[in-house]
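Only one structure is covered here, and it is reproduced in the block below.
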Amino acid sequence: MDDLDPVFDLVAGYFAMLAEPTRLKIMHSICEGERTVNEIVSVTGIGQTNVSRHLGLMRRHGVVERRRAGNMVFYRVADQTMPNLCRAVCAGIAASMDSRRPLKRQLLKLVPGKRRAAA
């Protein structure tokens, strides 16, 4: 198994991206399209310095990409595995919850095609 240690290290680093609620909020804010840091700050309510720090870490791990257009920098999801994984986890947690709980409805809002089922 020692030959798989580098693989396990990479996978652990990938999952570490999901271990922070701030990064999940940032990911959610850019799942449907690219945004500037200011737009991410506005959508998430997280401070600009904190958003920039998390985006830098996410970029180093290959989770997000950035694109410059003039003096603007746009961030987008680099790896569609990440939002798909987040949505699958949300759906799995929601499936185990009592359907009358408001949290279940909120989780299902994060899963495409499940919004009608949440009502």
Practice prompt. State whether one or more residues within region 43-60 are touching a Gly at 6+ places or on another chain (Cβ under 9 Å), without any contact (Cβ under 8 Å) to a residue 24 or more places away in the chain and at negative phi.
Written response: no
Worksheet item: Of the residues that sit in region 51-89 and are assigned to a helix (DSSP H, G or I) and among the charged types (D, E, K, R), which one is surrounded by the fewest Cβ atoms within 10 Å (Cβ to Cβ)?
Response: R60
Item to complete: Read through the list (1) surrounded by fewer than 17 Cβ atoms within 10 Å (Cβ to Cβ); (2) in contact with a Ser or Thr (Cβ under 6 Å, 6 or more places away or on another chain), then give the number of the only condition that G92 fails.
Response: (2)
Item to complete: Go through the residues of region 49-64 one by one and say whether even a single one is farther than 24 Å from L10 by Cβ, at pLDDT 95 or above and not polar (S, T, N, Q).
Response: yes
Worksheet, complete the sentence: Residue pairs within 9 Å by beta carbon, gap of at least six or interchain, first lying in region 1-18 and of a type in the set (S, T, Y), second not in a helix (DSSP H, G or I), listed first then second, are Y14/H61; Y14/G62; Y14/V63; Y14/D79
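The values are calculated or read from the model by the stated rules, or taken from the named source; none is laboratory data. All of these numbers come straight from a predicted model, not from anything done at the bench. A quick note on method: Cβ atoms are made from the backbone with ideal geometry, for glycine too, and the neighbour counts reach across all protein chains shown.
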